[in-house]
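Visitor: Sharing a structure below in C-alpha cells format, with a few things to ask.
The values are calculated or read from the model by the stated rules, or taken from the named source; none is laboratory data. Here the structure is a predicted model, which is why all the values come from computation and not from measurement. Every residue, glycine as well, gets a Cβ built from its backbone with ideal geometry; the counts of neighbours run over all protein chains shown.
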Amino acid sequence: MEEKEIKDELASIRSLMERSSKFISLSGLSGILAGIYALIGAVAAYYLITTNTSRVYPYHGYYSFDHLFNSLVGQLLIIAIVVFVASVGTGIILTNRKAKIKEQAIWGSTSKALLFNMATPLIAGGLLMFIFLVHGYYGIVGPSSLVFYGLALVGAGNFTFTMVKYLGLCEIAIGLIAACLPGYGLLFWAIGFGLLHIIYGSMMYFKYDR
C-alpha cells in the first residue's frame, strides 16, 4: 500500500513539474485540421496554376509564362493566407478548449516562451520570403517556408511535446529536398504542411487528447 502511495505521489509531482515547464495543451485535432486545410489549399493552387497555364499555348505571343505566373502570385498568396488564418484560428480555439479541460493557463510564462521561440523564425522567414517575391525568386519561396516553419517548431519543441520538435526536423528536411528539386515546390509544400500535419496531429490526438 505504501509503495502505491509513493508511486502516486511521484506521478503527481511529475505531472506538476510538466505543467510548470511544458505547455501541454496543444491540440492534436488542430494539427489534423491544419493538414486538411493545407491539402485543400494545395489542390486549389494546383488547379489555379494548371488552368491558367493551359491558356499560354492557344495565344502565342499574347501571354508569356513569366507574365502569367506573375499575375497568379497574388491569388496564390490569398490561398496561402486563408490556409494560415484558418489553421491558426482553429489551433487557438481547440488549444484554448483543451487548456480549460486540463486546467492549464493559456497565457503564462511557458506559453509566452513557446510563442517567442516560434514567432522569431516565422517572422524572419516571412520577411525573407516577401523579399524573394519582390525580386521574383518564386521557386525558393515554398522550400523556404518549410525550412523556417521547421526551425520555428524545433524552437517551440523545447516548451511543449517533444513530438513537435521531430515534426520540425521533418519539415526542415522536406524543405531542403524541395530546394534541390525545382518545380516540385507545391508537391513538397502539400507533403510538409498537409500530410505531415495530419500524421503528427493523429499521433498527438490518440496519445494525449483521448
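Visitor: Residues in the stretch 91-106 that are part of a helix (DSSP H, G or I) and either over 22 Å from residue 146 (Cα atoms) or modelled with pLDDT under 80 (or both): how many?
Guide: Within the stretch 91-106, residues that are part of a helix (DSSP H, G or I) and either over 22 Å from residue 146 (Cα atoms) or modelled with pLDDT under 80 (or both) number 10.
Visitor: Has the stretch 175-184 got any residue that is touching a helix residue (DSSP H, G or I) at 6+ places or on another chain (Cβ under 9 Å), under 16 Å from residue 34 (Cα atoms) and modelled with pLDDT of 90 or more?
Guide: No: zero hits.
Visitor: Let me ask you something else. Considering only the stretch 107-129, I want to know if a residue exists there that is assigned to a helix (DSSP H, G or I), at pLDDT 85 or above and closer than 17 Å to residue 186 by Cβ.
Guide: Checked the stretch 107-129: at least one residue is assigned to a helix (DSSP H, G or I), at pLDDT 85 or above and closer than 17 Å to residue 186 by Cβ.
Visitor: Out of everything in the stretch 83-102 that is more than 18 Å from residue 207 (Cα to Cα) and of a type in the set (S, T, N, Q), what residue ends up being surrounded by the most Cβ atoms within 10 Å (Cβ to Cβ)?
Guide: So the residue we want is 87.
Visitor: Does the stretch 123-143 contain at least one residue that is touching a Leu at 6+ places or on another chain (Cβ under 7 Å) and either free of Cβ contacts under 8 Å to residues at least 12 places away in the same chain or over 18 Å from residue 45 (Cα atoms) (or both)?
Guide: Checking the stretch 123-143: not a single residue is touching a Leu at 6+ places or on another chain (Cβ under 7 Å) and either free of Cβ contacts under 8 Å to residues at least 12 places away in the same chain or over 18 Å from residue 45 (Cα atoms) (or both).
Visitor: Related question: Can you find, within the stretch 28-58, the residue that is modelled with the lowest pLDDT among those that are under 30 Å from residue 204 (Cα atoms) and of a type in the set (Phe, Trp, Tyr)?
Guide: My answer is 46.
Visitor: For the stretch 130-144, what are the residues that are closer than 18 Å to residue 188 by Cα, over 17 Å from the mean Cα position of the chain (by Cα) and β-branched (Val, Ile, Thr)?
Guide: The one that is closer than 18 Å to residue 188 by Cα, over 17 Å from the mean Cα position of the chain (by Cα) and β-branched (Val, Ile, Thr): 140.
Visitor: Out of 169, 187, 153, report the one residue that is of a type in the set (A, V, I, L, M) and either within 21 Å of residue 45 (Cβ to Cβ) or not in a helix (DSSP H, G or I) (or both).
Guide: The conditions single out 187.
Visitor: Out of (1) at pLDDT below 95; (2) touching a Gly at 6+ places or on another chain (Cβ under 7 Å), the odd one out for residue 172 is which?
Guide: With (1) at pLDDT below 95; (2) touching a Gly at 6+ places or on another chain (Cβ under 7 Å) applied to residue 172, the lone miss is (1).
Visitor: Any residue at all in the stretch 192-209 that is under 20 Å from residue 133 (Cβ atoms) and assigned to a helix (DSSP H, G or I)?
Guide: Within the stretch 192-209, one or more residues are under 20 Å from residue 133 (Cβ atoms) and assigned to a helix (DSSP H, G or I).
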